[in-house]
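So the structure is just underneath, and the comments pick up after that.
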Amino acid sequence: MDGVMDTLHGFGVSSTHYLQNHYKDAQGWFLFVSFAADLRNTFFIFFPIWFHLKESVGIKLIWVAVIGDWLNLVFKWILFGERPYWWVQEASYYTNSSAPHIEQYPMTCETGPGSPSGHAMGAACVYYTLVTSILTIMLSKQKKSSSKSLYLRASLWTMFWTVQVCVCLSRVFIAAHFPHQVIAGVISGMIVAEAFNRQQWIYSASLKNYFNMTLFLLSFALGFYVLLKVLGVDLLWTLEKAQKWCVNPAWVHMDSTPFASLLRNMGTLFGLGLGLHSPLYTESKKSTSAGIRTACIAASLFLLHLFDSIKPPTHTAALFYLLSFCKSATVPLATVSIIPYCVSGALASQSKKHL
């Protein structure tokens, strides 16, 4: 088994070396793709837009992104995947003279295990959900066999696979993942998204459901970590490797650690539950005109962008994780209830002044 994995890893490092040498001019594009594929953009951009355009799509996006990323964390803890930027330094697969030189970039030094790729899995989850949702909306009154229907399907799925290929190449280029890890991420993400396409209960889940689900997911992950810790397995083994082999210590970020991801996702899910069951949300639902929806989208994108610039302090891990949870919970809470309530109230008062 070790021989098979060494062969896979060796092929992956060769792929990274090839991309970095032959497509060096595309470095800016690959770095942008890795940035754009981060789940943070789903929470701060896609969710605010889609929630105010089509509420059910926005809700599904959060569920798919959160559960997909939680499963990604569990898979990573089970599979113990290496990452190219440290494996090439330690592998007995190479002699000292034959190991290829691999460049590192600011987004290379992820601190968690590598398999499956979180970026690839997240992008597959989110974009599969968007494509299938758009197709459902656009084709609800058209025949599936019509030329317009076929053209729309072909266009959207071509865009979907173009995005997936770009994300996969990007992650391999920056030496954050091996090819088999990004492929596993895409397949896993599509399975998660398709599973949620068949779930209807998420649109009517009570606040108790949100609380219980958040508590279960958090407890399961922490319990799994503690259990393996007791058995002598350190699930944070990758943090030491990242700190040892990253060429720039400033590129090792606490918000890329497994627990940061876990608390961020749990905060987002809980915040969505709070927002959907807030009296402010009930009040704002009374005003659903196109103008108000547009204003809510613009206000959400602007205010969340400002909010995202506030970074929790990293000097104390526990405080960082707690503030990350609270910050993440605030994003859907503000998007769903606070911002629409304020926008609809402001527009209503403006219209009264003009009467």
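The number of residues in segment 162-176 that are under 11 Å from H119 (Cβ atoms) and either polar (S, T, N, Q) or without any contact (Cβ under 8 Å) to a residue 40 or more places away in the chain (or both) comes to 2. Taking the conditions (1) open to solvent by 50 Å² or more (accessible area, probe 1.4 Å); (2) assigned to a helix (DSSP H, G or I); (3) under 25 Å from L130 (Cα atoms) in turn, F196 satisfies each one other than (1).
Scanning segment 140-176 for residues that are open to solvent by less than 20 Å² (accessible area, probe 1.4 Å), over 14 Å from A37 (Cα atoms) and outside any helix (DSSP H, G or I) yields one hit, A175. The condition (being under 24 Å from E103 (Cβ atoms) and outside any loop (DSSP other than H, G, I, E, B)) is satisfied by just one residue among L274, L227, L239, L263: L239.
Screening V66, V13 for residues that are open to solvent by less than 10 Å² (accessible area, probe 1.4 Å), within 30 Å of A295 (Cα to Cα) and either in contact (Cβ under 8 Å) with a residue 60 or more places away in the chain or among the aromatic types (F, W, Y) (or both) leaves exactly one candidate, V66. Of everything listed in (1) in a helix (DSSP H, G or I); (2) open to solvent by 20 Å² or more (accessible area, probe 1.4 Å), the single unmet condition for D234 is (1). Of all residues in segment 313-341, those that are free of Cβ contacts under 8 Å to residues at least 24 places away in the same chain and closer than 23 Å to K285 by Cα total 0.
In the set (1) surrounded by fewer than 18 Cβ atoms within 10 Å (Cβ to Cβ); (2) in contact (Cβ under 8 Å) with a residue 40 or more places away in the chain; (3) over 21 Å from N72 (Cβ atoms), the condition left unmet by L274 is number (1). Residues of segment 109-132 that are open to solvent by less than 10 Å² (accessible area, probe 1.4 Å), hydroxyl-bearing (S, T, Y) and at pLDDT below 95: T111 alone. So for segment 88-97 (the condition being over 16 Å from the mean Cα position of the chain (by Cα), open to solvent by 40 Å² or more (accessible area, probe 1.4 Å) and under 23 Å from I191 (Cα atoms)), does at least one residue qualify? No, that holds for no residue. Reported count of residues in segment 37-66, each being under 16 Å from A124 (Cα atoms), in contact with a Ser or Thr (Cβ under 9 Å, 6 or more places away or on another chain) and of a type in the set (D, E, K, R), is 1.
Within 25 Å of the chain's Cα centre (by Cα) and under 27 Å from S98 (Cβ atoms): which single residue out of L39, L19, L8 fits that description? Can you show your working first?
Numbers: L39 fails: under 27 Å from S98 (Cβ atoms); L8 fails: within 25 Å of the chain's Cα centre (by Cα).
Among L39, L19, L8, only L19 is within 25 Å of the chain's Cα centre (by Cα) and under 27 Å from S98 (Cβ atoms).
The values are calculated or read from the model by the stated rules, or taken from the named source; none is laboratory data. All figures in this text were calculated on a predicted structure; none of them were measured in a lab. Every residue, glycine among them, receives a Cβ derived from its backbone with ideal geometry; neighbour counts consider all protein chains shown. Each accessible area value is taken on the protein alone, full model and side chains, heavy atoms only, with ligands, DNA and RNA left out. Shrake-Rupley method; radii C 1.70, N 1.55, O 1.52, S 1.80 Å.
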